[in-house]
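Below is one structure, written out as structure tokens, with a few remarks after it.
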Amino acid sequence: MRIFLAFLVAMGSLVTLGDAHCFGVPQNPGRPYKGCMKNGKLYPFGHIERTEDCHRCNCRERVLDCCSLFHTPIGYDKENCKVIFNKKRCDYDVVQKDDPSQECIVYSRVG
């Protein structure tokens with residue numbers, strides 16, 4: 001049973017290493033500032049390793065292309081566990097509802 005559980009955890013980890021959720025935000029090319037606006041903050045042209053809301057982006061004159069640095073948990077014990085976003089780590093913590101100091105097992109995530 002332990003080997004099977006280890007296998008499930010390993011496979012779940014591989015799934016989470018896949019592509020994150022990505023999107024593009026069109027920019028107004030006639031604006032007077034130099035960079036891209038996202039959630040009210042101006043980011044410089046070029047590569048942005050991490051935004052305030054946990055995305056990795058590339059800022060160009062016409063578009064801001066971003067991908068999330070996190071994967072949303074979908075496979076876990078929803079009856080006994082809850083999901084909390086950890087902005088410092090740019091990831092979700094899945095913890096027990098009655099004891100948040102105890103982590104829950106996550107079987108799958110989506111980006």
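Every number here is computed from the coordinates shown, using simple stated rules; none is lab data. This is a predicted model, so every value here is computed, not measured. Virtual Cβ from ideal backbone geometry, glycine too; neighbours counted across all protein chains shown.
Listed values for region 53-68 are Karplus-derived 3J(HN,Hα) couplings in whole Hz (6.51 cos²θ - 1.76 cosθ + 1.60, θ = phi - 60°), namely 9, 6, 10, 9, 10, 10, 9, 10, 4, 9, 8, 10, 9, 9, 10, 5, and x replaces Gly and Pro.
The residues neighbouring residue 80, those whose beta-carbon lies less than 13 Å from its own, together hold a net charge of -2 under the Lys/Arg +1, Asp/Glu -1 convention. Between residue 53 and residue 90, residue separation times 0.36 nm minus the direct Cα-Cα distance comes to 12.5 nm. For region 14-110, GluC sites (Glu not before Pro) are listed when DSSP marks them as loop and at most 16 other Cβ atoms sit within 10 Å of their Cβ; the list is 49, 52, 61, 79.
With the simple spin-label model, which puts each label point 7 Å out from Cα in the Cβ direction, the residue 65 to residue 83 separation comes to 2.6 nm. Under 25 Å Cα-Cα from residue 78, which lysines qualify once same-chain neighbours fewer than 8 residues away are excluded? Within reach: 87, 88, 97.
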